[in-house]
Each structure stands twice: as structure tokens, then as C-alpha cells.
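Read the structure below first, then the notes.
The values are calculated or read from the model by the stated rules, or taken from the named source; none is laboratory data. It should be emphasised that the depicted structure is a prediction, and the values quoted were computed from it without experimental measurement. Counting neighbours? That spans all protein chains shown, and the Cβs are built from the backbone with ideal geometry, glycine included.
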Amino acid sequence: MNALEWPADLTDFRLPVKWDGQPVDWHGWHPPIEVRDLFLCSNNGLLRDPQPCSGCGHPFQPWWAQGLTADGRTSITIERCGFCNTTIALETGPDGTSEWTLDDSDYGPEGSSDNQEGNR
């Protein structure tokens, strides 16, 4: 088996404890989903066109976790590459939808907050 074959094991299980100051209720990590696993018919005509991981270039089939802030106003989906641990957060809240690349500072006691630079 090639070292870059799917799926890769998740080795970093961290999640932000807060999002813009609000505690987050996380619903755990889930393995990557392949389109063909979503349908009973294996020949359903759908072709997955994965975006390459922005960190390592591998076809991005991420592990994912979903959370909701304590005030119930913001839903967060975290996607993490199992090969290089690049982590993308998709935030849906009162101000619309945003995409963020997380870094080590997002996992501290204060959690993740918007620094207006594309990274949180």
C-alpha cells in the first residue's frame, strides 16, 4: 500500500475549546467519507473531484468534526488532513459563512478568535 493512499489515520485530535469567546460543544471526529459510500448503487455516475490539501497536495479527503457554540448561533465544521494535519474550519453564523485555516494558537485555553488575516 502506498504511504499516501486513503484513508490516513488521524493523529491530531485537538479541537478549539472556544470560538470567538464562546465554548463549543463538539461531536467528535468522524472518518473521511467517500461519495461511493453514500449510495447503494456503486455505479451512480458521480465522480468525486477532490480539492488537493493546501498543506501537502494530497487529494483532500478529510477527517471531520462538527460543533456548535454555547449560544447556539454558530456552527463549525473542522476538516483535517490525515497526512499533514492541515486543518480548515468552516464557520456558519449570523454573519454568514467563512473558511479559516487553523494553527496551534487556536487550541489554547482561549480557543480560536478572528484575527482578520485568513488564519484564526
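A few remarks follow.
- Subset of segment 55-72 [free of Cβ contacts under 8 Å to residues at least 24 places away in the same chain and either assigned to a strand (DSSP E or B) or more than 15 Å from PRO32 (Cβ to Cβ) (or both)]: GLY57, GLY72
- Annotation: of all residues in segment 94-107 being touching a residue at least 24 places away in the same chain (Cβ under 8 Å) and surrounded by fewer than 17 Cβ atoms within 10 Å (Cβ to Cβ), the one that is farthest from LYS18 (Cα to Cα) is THR101.
- Whichever residue in segment 58-85 is within 9 Å of the chain's Cα centre (by Cα) and closer than 15 Å to PRO16 by Cβ and, among such residues, is surrounded by the most Cβ atoms within 10 Å (Cβ to Cβ): ARG80
- Scanning segment 34-79 for residues that are at pLDDT 55 or above, more than 24 Å from GLY93 (Cβ to Cβ) and not small (Gly, Ala, Ser) yields a total of 8.
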